[in-house]
Amino acid sequence: MISIEEALKIVNEQDIERTVKEVSLEDAQGFWLAEEITSPFDLPSFDNSAMDGYAVSGISDEYEIVGEIPAGSTADHTLQPGEAMRIFTGAKVPQNTTAVVMQEKTSVEDNTLYVDEAISKGQHIRPRGKELALDQTVFTAGHFISPATVGLIGSLGKSRVQVYKKPEIRIISTGDELVPPGSPKSEGEIYESNSFALSAALDRYGFSCEESKHIKDSFSAIKGGIADFLDHSDVLLLSGGISVGDYDYVKQALEENGVSELFYKVFQKPGKPLYFGRRDDTFVFALPGNPASSLTCFYIHVLPLLQKLSGAANTGLQRVRIPIDHNYDYRSDRPVFLKASIEGQTVSILNRQSSSMIHSMAMGNALAFLDGPQTVQKGDMVECIVI
Ligand code: AMP
Ligand code: MG
């Protein structure tokens, strides 16, 4: 059995062949950049007005209005001291502009502008190159393309970007007792829900499940099902059948399909019987069947792999340290991820922590991490993973 840190390290140290593709700006959100982006010009490219108002030359409280500059105007104006021009947000300021005065701080009579504030040199002017300088590195490869990233790339005039391809992911759920939601179930049966939860978790973090199937607890069926999916997936997720029960065939079926084990069993709660393996460039996680274990393992162990395969420079979910709003006594020897809810400035650990129960996870928004047995007092800082 290995520690959580060792498991994360093994995943992080996998050498990976990534494929690059080009996408249009409209489709770029949610990928990780596969190229460095430098600024092809100063941004802004010209001194421009931050306000609707007047560009003025010299410091005074009275100016002669000599014209108007709408945004996008290309005319080259030069102001003489004592002159002002009507200007609009984003418009290039005329040469010799000392400052821009907000419209609200002015009054006009005939052609004379009266200013009712003290003007400071440079006010409300966005200087050329203030945000980015020509040739400056804006983003390096591995940067996550957020909406703001898309916006900035667009403002640099680029309409296509190189990104890393995301992995093709398939899911297999195993278990004789499982029937699909929407069909009747008999005594002793339960509804299969892990594949839905995992697929939803993939979507939530910008991935998708290409295909999923359910297989009964039969060694040959599991072995065949794995063989079929392994051939054309980058990542295969299995749920159930990885513990030590008589019908837990997944590990042996993986071995017989040529998958090499990278780790099996992690000293953690929930999700101890977690398996990670690899065959060539296809990675396999076999997740324990209990619903909360399977999803916790996804958040902590699977997601970083998916992000790494997609070229992410930073992997894993956001972690915060936050005070707990009650006392909590933890007795087991294993480090634990507890279903928790962050509300306002504090976190509370929810009732019903069993790995078979997912309701508390559905009500919460975080996993509180305790690294071993301990008594936590109200107000103590607890590390939380935001889910
Ligand atoms: P296993 O890991 O196969 O021993 O399963 C552990 C527990 O999780 C059992 O109670 C299973 O019924 C339950 N379980 C396994 N797979 C699923 C699934 N896909 N959806 C819901 N529960 C499951
Ligand atoms: Mg099972």
Every residue from segment 257-284 that is more than 13 Å from ligand 1 (Cβ to nearest atom), under 20 Å from residue 233 (Cβ atoms) and crowded, with 19+ Cβ neighbours inside 10 Å: 257, 259, 276, 277, 282, 283, 284
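Results for (1) part of a strand (DSSP E or B); (2) touching a residue at least 24 places away in the same chain (Cβ under 8 Å); (3) crowded, with 17+ Cβ neighbours inside 10 Å, shown as yes or no for each residue.
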{"position": "302", "(1), (2), (3)": "no, yes, yes"}
{"position": "314", "(1), (2), (3)": "no, yes, no"}
{"position": "320", "(1), (2), (3)": "yes, yes, no"}
{"position": "338", "(1), (2), (3)": "yes, yes, yes"}
{"position": "341", "(1), (2), (3)": "yes, yes, yes"}
Residue selected from segment 111-147 under the condition part of a loop (DSSP other than H, G, I, E, B) and among the charged types (D, E, K, R), by the criterion surrounded by the fewest Cβ atoms within 10 Å (Cβ to Cβ): 121
Residue list for segment 183-197, restricted to those being charged (D, E, K, R), surrounded by 11 or more Cβ atoms within 10 Å (Cβ to Cβ) and more than 13 Å from ligand 2 (Cβ to nearest atom): 185
Selection status of residue 240, away from ligand 1 (no atom under 11 Å from the Cβ), out of contact with any helix residue (DSSP H, G or I) (no Cβ under 6 Å at 6 or more places or on another chain) and either among the acidic types (Asp, Glu) or at positive phi (or both): no
Qualifying residue in segment 58-70 (condition: surrounded by 14 or more Cβ atoms within 10 Å (Cβ to Cβ), modelled with pLDDT of 95 or more and closer than 30 Å to residue 144 by Cβ): no
Candidates 289, 241, 245, 258, filtered to the one that is assigned to a loop (DSSP other than H, G, I, E, B) and farther than 24 Å from residue 176 by Cα: 258
Candidate set from segment 159-176 (those that are buried (at least 16 other Cβ atoms within 10 Å of the Cβ) and not in a strand (DSSP E or B)); member that is nearest to ligand 2 (Cβ to nearest atom): 175
Given (1) closer than 28 Å to residue 156 by Cβ; (2) in a loop (DSSP other than H, G, I, E, B); (3) free of Cβ contacts under 8 Å to residues at least 24 places away in the same chain, index of the condition residue 41 fails: (3)
Matching residues, segment 246-284, being hydrophobic (A, V, I, L, M, F, W, C) and within 16 Å of ligand 2 (Cβ to nearest atom): 250, 253, 254, 274
Residue count for segment 215-225, restricted to those that are part of a helix (DSSP H, G or I) and touching a residue at least 24 places away in the same chain (Cβ under 8 Å): 4
Failed item in (1) within 16 Å of ligand 2 (Cβ to nearest atom); (2) touching a Gly at 6+ places or on another chain (Cβ under 6 Å), with residue 313 passing the rest: (1)
Output for segment 356-387, where each listed residue is among the small types (Gly, Ala, Ser), surrounded by fewer than 18 Cβ atoms within 10 Å (Cβ to Cβ) and either at pLDDT below 95 or over 18 Å from residue 266 (Cβ atoms) (or both): 356, 362, 379
Criterion: of a type in the set (Val, Ile, Thr) and either surrounded by fewer than 16 Cβ atoms within 10 Å (Cβ to Cβ) or within 16 Å of ligand 2 (Cβ to nearest atom) (or both) - qualifying residue of 179, 150: 179
Scan of segment 226-242 for residues that are touching a residue at least 12 places away in the same chain (Cβ under 8 Å) and either over 16 Å from residue 275 (Cβ atoms) or more than 16 Å from ligand 2 (Cβ to nearest atom) (or both), ordered by number: 227, 229, 230, 232, 233, 234, 235, 236
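Can you say whether residue 293 is within 14 Å of ligand 2 (Cβ to nearest atom) and under 27 Å from the mean Cα position of the chain (by Cα), as far as the supplied structure shows?
yes
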Residue match in segment 13-27 (condition: surrounded by fewer than 15 Cβ atoms within 10 Å (Cβ to Cβ), among the small types (Gly, Ala, Ser), under 29 Å from residue 205 (Cα atoms) and at pLDDT 95 or above): yes
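The values are calculated or read from the model by the stated rules, or taken from the named source; none is laboratory data. This one's a predicted model, so the numbers in the text were calculated from it and none came from an experiment. So basically every Cβ, Gly included, is an ideal-geometry build from the backbone, and we count neighbours across all protein chains shown.
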